[in-house]
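What follows is one structure encoded as structure tokens, with my remarks underneath.
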Amino acid sequence: MERVLSFFGRPLVSFVEVAGQMALLFYSTIKLMFKKPFRTKLLLKQIEFIGANSLSVIILTGSFTGMVFAFQSYIGFHKFGADQLVGTVVALAMARELGPVLSAIMVAARAGSAITAEIGTMKVTEQVDALNAMAVDPVHYLFVPRILAGLIVMPMLNAITVLCGVVGGYLVSIKVLGINKTLYLDYMYTYIEFDDFANGMMKSLVFGGIVTLVGCYKGFMTRGGAEGVGRATTESVVMACVLILIFDYILTAFMF
Amino acid sequence: MEYAIECLDLHKSFGVHKIHKGIDLKIVKGAITYIIGPSGTGKSVLLKQLCGLMPPTKGKVIVNGQDITVMKPEELVQMRKKFGILFQNAALFDSMNVYENVAFPLVEHTKLPKSKIDKIVQEKLRLVGLRNIEDKMPSELSGGMRKRVGLARAIALEPDIMLYDEPTTGLDPIMCDVVDNLINDTQKELGITSIVISHDIESTLKIADYIAMLYDGKVVLYGTSEDFKTTDNPYVKQFFSASKEGPIKIM
């Protein structure tokens, strides 16, 4: 009985613990965002790192997803003779689902991991202690610029992903599959609403927070030298991806 | 005698593992105090408790007459500005060059104009015997140079109390001597209280005004260098003679 309890209890306790720590850190980060000094230079550096440097990856991901999606949905729609609806489906899926989720996962892999590795290295080489020792709050100095940059940049990256996906889908449908151009665009304009896009933007705002918060948190909790940094980096990417998918469901159900 | 820091019945444990079992230690103001002891006796942990980076499990730490264990986080941050800390591996920010590292506390905590900060950075670097390295990154520096840059950064805000965590570990004998002299000179020139963690017996006896030896969570002997040279204390004798035989258990 005791063994059964501890088998289920231990992961539960550690889950609650991690969730609590992250919530507290997020809360103090939000609070500290409004506290002087505003580190504009650090923020711009993070926006460049998380946003600008992710552009090429995001453009590739978006266009290829849109292109593949056009092919795949064509197979189904062709059977019903509804070829012209391919554009609507591609745009809908990109805007509501694929854009936010895929861009967030790419950013988690690229920038989230790097954030963890950087803060983790600072932790194990006592640089975080040094910040504390010099009376500088590490949350204010390290977390705020990164998480703020994540919140600002992620929706923009989502917009680019969606745009690339729609363009990619259009090119494949018209040039490769030979769907009627006028009908294709006409249906797309009729059925896609601004809400679909806004929905995805809301999601990517939340995902931007998740990726950067997890990156910072995992880095901050790093222990045990170079090996620890490696472990933390892996855990950061896995945790961010899982959380993105879980929150994707919650947000979808909520905004349905 | 005036004390800069007083530890009263300090206990610290991590889980079931007891590190400190009642440390009473008074650090004399304006003097150099060495804290020595075998590895794993919690010297660094003690140092972090002295400056409020880590709270003790039980007991008091009194800095300049104020108990820091009951302070609010904001008060603790203010109090910490009185301290300068040189970390074991210098803990320089590796995303910044030498100039930015030394200027960091000045940029964070003062409103000095850039020209004034430039002057202070140069002066502090000169004090630790470094010149024309402002543009170098920490990864380009040798171990000894990193420690000296770390020291320059630690004294940039002119602290009242300087803490050194194993300043000579991992340095060659000549560099050890340079760092020892630096600790001595910094203390003489700025008149600050210095606390040094070390297991380098030679430097300890050479420059310490007072020495405290830590073993098994307690202070086994506190006194001047002379006291330590003439003591019969078996722990101290074993540690100083670097012998396997004696009351100190080898882990």
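Read-outs: derived from the displayed coordinates by stated rules, not from any lab. Keep in mind it's a predicted model, so treat the numbers as computed, not measured. When we count neighbours, we look across all protein chains shown, and the Cβ atoms used for this are built from the backbone with ideal geometry, even at glycine.
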For segment A:40-255, the dipole about the Cα centre with charges only on Cβ (Lys and Arg +1, Asp and Glu -1), to the nearest 20 debye, works out at 260 debye
Beta bridge orientation in the protein assembly as shown: antiparallel %, DSSP, nearest 5: 55 percent
Using a 10 Å cut-off on Cβ to Cβ distances, tally the other chain neighbours for every residue of A:129-142 and report the average as a whole number. 6
Sequence gap at least 6, Cα distance under 8 Å: using those rules, report the relative contact order of chain B to the nearest whole percent. 26 percent
Over chain B, with a Gaussian network built from C-alpha contacts below 10 Å, which listed residue (B:S194, B:S39, B:S241) shows the highest mean-square fluctuation? B:S241
Through the Karplus equation 6.51 cos²θ - 1.76 cosθ + 1.60, θ set to phi - 60°, convert the phi angles of segment A:130-141 into ³J(HN,Hα) values in whole Hz; use x for Gly and Pro. 4, 4, 4, 4, 8, 6, 10, 5, x, 5, 5, 7
Quote the FRET efficiency, to the nearest 0.05, computed for A:K36 versus A:F256 with a Förster distance R0 of 45 Å and r equal to the Cβ-Cβ distance. 0.65
Calculated from backbone phi, Karplus (6.51, -1.76, 1.60) coupling profile of segment B:12-26 in Hz, x at Gly/Pro: 9, 9, 10, x, 8, 7, 8, 8, 10, 10, x, 9, 10, 8, 10
On average, how many beta carbons from a partner chain sit within 10 Å of the beta carbon of a residue in B:75-85? 3
Using unit Cβ charges (K, R positive; D, E negative) and no other charged atoms, how large, in debye to the nearest 20, is the dipole of chain B about its Cα centre? 480 debye
Compute a Gaussian network model of chain A, connecting alpha carbons closer than 10 Å, and tell me which residue from A:F34, A:F15, A:F69 fluctuates the most. A:F15
Of all DSSP beta bridges having both residues in chain B, the percent classed as antiparallel (nearest 5) is 55 percent
Beta carbons within 10 angstrom, averaged per residue: use that to sort the peptides A:23-29, A:82-88, B:243-249, highest first. A:82-88, A:23-29, B:243-249
Relative contact order for segment A:61-216 using alpha-carbon pairs under 8 Å, separation at least 6, rounded to a whole percent? 48 percent
If Lys and Arg each add +1 and Asp and Glu each add -1, what is the summed charge of the other residues whose beta carbon sits under 14 Å from the beta carbon of A:A149? +3
If you add up the charges near B:L163, with Lys and Arg at +1 and Asp and Glu at -1, over every other residue whose beta carbon is less than 15 angstrom from its beta carbon, what do you get? +2
Sum of -39500 (n - 2.57) over DSSP H runs of 4+, divided by residues of chain A (222 nm, nearest 500): -26000 deg cm²/dmol
Summing +1 for each Lys or Arg and -1 for each Asp or Glu, what net charge is found among the other residues whose Cβ lies under 14 Å from the Cβ of A:D248? +1
